[in-house]
Amino acid sequence: MRKALRWLLALVVLIGTAGTAGAATAAEPKAVDIKDRLLSIPGMSLIEEKPYTGYRFFVLNYTQPVDHRRPSKGTFQQRITVLHKDVSRPTVFYTGGYSVSTTPSRREPTQIVDGNQVSMEYRYFTPSRPEPADWSKLDIWQAASDQHRIFKALKPVYSENWISTGGSKGGMTATYYERFYPRDMDGVVAYVAPNDVVNREDSAYDRFFARVGTEECRDRLNGVQREALVRREPLKEKYAAHAAENGYTFDTIGSLDRAYEAVVLDYVWGFWQYSTLKDCASIPADAKNATNDEIWNSVDTISGFSFYTDQGLAPYTPYYYQAGTQLGAPTIHFPHIEKKYIRYGYQPPRNFVPRSIPMRFEPWAMRDVDTWVKHNARQMLFVYGENDPWGAEPFRLGHGARDSYVLTAPGMNHGANVAGLVPDQKAFATARILDWAGVASATVRENPSAARPLASFDAKLDKRDVQREPALRP
């Protein structure tokens, strides 16, 4: 009897244990695939997923209001990409300020923190453009609000620290985002970001071109630029033939002659924006005795005769619209060229935007951002290149700034980055980025000189070279 009772009790315990184990197993949440988590966000849809070793890479559409002040007045689809590492890692929020690349890539801060990367296509760059397009809704606050909504949507998925970044217009964009939504990001890394506070005062650029590089290099560049205007008529014939062959037209800028001069006047700026001092060896040393083909080829290589055509300008209409309404645009002088050779000078952004799009400049927009940065910057890093024309008017920090820095990479152009800083500044900047991202080790916090990127360099994934784009736009 006792033996039977013991057997019955053992059976009850066994059944109870099995039931408890089963309940515990059922209670454990099933892991949700990152794609499913992203697509569960209201307004998020998948365009495609592309494989990359060690990551998941998604190209997505996110539904945005055309006007964040009046969300009910229509929406558009904004492209974003997500380079997914792990939800336990920090996230870098990147925009170049233009169209987004749909090829997996990793910006410098993403490599430094070994994190995820969210990249945003700037509003009104196709295909992220409302139809029909109300151009009055293309401004820096609306774009910052795009970023804010994306961040709020993704923060529950990527809950660790976030850092925003971008180069050139993207660096400007990261700065404006911080100005309007300072509580979103844990840090900002803005590369080569122009700061045209007073649009009509551009003497800083003239001073830059008077001393950049070496006198020999400046003389070579100035000589070719002047000679291209001296030989305007025969080279315009070559330009006309080039345009006819490629189907180029000039309705937006107004004429082939205007386009020709615009390309030539971009020449010196374009060289310093994309080249370095060693590249001066490729510039004709004796422009007056150079052939027409040598002058043409040098200007075309650096400035690009296709750019001021209707076909070349069209992809950049949103940029020139913003330059002519809020961002400002540089104007420089050419003391090495006689006035008789210059018919138009640096043309304003209005000349590069179809006349059907109305424009009105708002001089207070950049003054507001500049004042805010000086007095309120927190955990912001600005990196400039010594030989980059766009750095002639940089952001500067005032007494109100905290844990924020402006650093310059010697000899570098518009592709300046943390890796190009002098060693102690490079280590310091790396340490601050790691700290803002919440992944600095105790060793790095105690000794910033020990700071190194957490991820190894990947030649395909990490973009170190400046993207070749037309001059006179950041």
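The values are calculated or read from the model by the stated rules, or taken from the named source; none is laboratory data. The model shown is predicted, which means the values in this text are computed figures rather than measured ones. Please note: Cβ atoms are built from the backbone with ideal geometry, for glycine as well, and neighbour counts cover all protein chains shown. Heavy atoms of the whole protein, side chains included, go into the accessibility calculation; ligands, DNA and RNA do not. Shrake-Rupley method; radii C 1.70, N 1.55, O 1.52, S 1.80 Å.
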### Residue check for A455: buried (at least 19 other Cβ atoms within 10 Å of the Cβ) and in a loop (DSSP other than H, G, I, E, B)
no
### Message
Suppose we keep only residues that are open to solvent by 20 Å² or more (accessible area, probe 1.4 Å) and in contact (Cβ under 8 Å) with a residue 12 or more places away in the chain within the range 421-432. Which one would you say is nearest to Y176 (Cα to Cα)?
### Response
R432
### Query
Quick one: is E201 among the acidic types (D, E) and open to solvent by less than 50 Å² (accessible area, probe 1.4 Å)?
no
### Filter result (in contact (Cβ under 8 Å) with a residue 40 or more places away in the chain and either more than 26 Å from A437 (Cβ to Cβ) or open to solvent by 20 Å² or more (accessible area, probe 1.4 Å) (or both)) within the range 363-380
P363, A365, M366, R367, D368, D370, W372, N376, R378, Q379
### Query
On the given criteria, is F76 more than 13 Å from the chain's Cα centre (by Cα) and among the hydrophobic types (A, V, I, L, M, F, W, C)?
yes
### Message
For a quick check of your reading of the model, give me the residue pairs whose first member lies in the range 390-415 and is within 19 Å of E201 (Cβ to Cβ) and in contact (Cβ under 8 Å) with a residue 12 or more places away in the chain, whose second is of a type in the set (S, T, Y) and in a strand (DSSP E or B), with beta-carbon atoms closer than 7 Å and at least 6 apart or on different chains.
### Response
G391/Y384; P394/Y384
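Residues checked against (1) open to solvent by less than 40 Å² (accessible area, probe 1.4 Å); (2) modelled with pLDDT under 95; (3) not aromatic (F, W, Y):
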site: T20; (1), (2), (3): no, yes, yes
site: A23; (1), (2), (3): no, yes, yes
site: K50; (1), (2), (3): no, no, yes
site: N61; (1), (2), (3): yes, no, yes
site: P65; (1), (2), (3): yes, no, yes
site: G97; (1), (2), (3): yes, no, yes
### Task
Keeping to the range 381-416, report how many residues are aliphatic (A, V, I, L, M), open to solvent by less than 20 Å² (accessible area, probe 1.4 Å) and either closer than 14 Å to F271 by Cα or under 15 Å from the mean Cα position of the chain (by Cα) (or both).
3
### Message
For the structure I just gave you, tell me whether W141 is among the hydrophobic types (A, V, I, L, M, F, W, C) and either without any contact (Cβ under 8 Å) to a residue 24 or more places away in the chain or farther than 29 Å from M380 by Cβ (or both).
### Response
no
### Task
Considering each residue of the range 43-79, count those that are touching a residue at least 40 places away in the same chain (Cβ under 8 Å) and assigned to a loop (DSSP other than H, G, I, E, B), and give that number.
5
### Message
Between a residue in the range 158-177 that is over 23 Å from L38 (Cβ atoms) and any residue that is among the aromatic types (F, W, Y) and part of a loop (DSSP other than H, G, I, E, B), which pairs come within a Cβ distance under 7 Å, given they are 6 or more apart or on different chains?
### Response
K169/Y98; T175/F395
#### Entry: Out of I357, I295, sole residue that is within 17 Å of A228 (Cβ to Cβ) and aliphatic (A, V, I, L, M)
I295
### Where a residue in the range 221-242 is more than 20 Å from D286 (Cβ to Cβ) and acidic (D, E) and its partner, wherever it lies, is part of a helix (DSSP H, G or I) and modelled with pLDDT of 95 or more, with Cβ under 8 Å and at least six apart
none
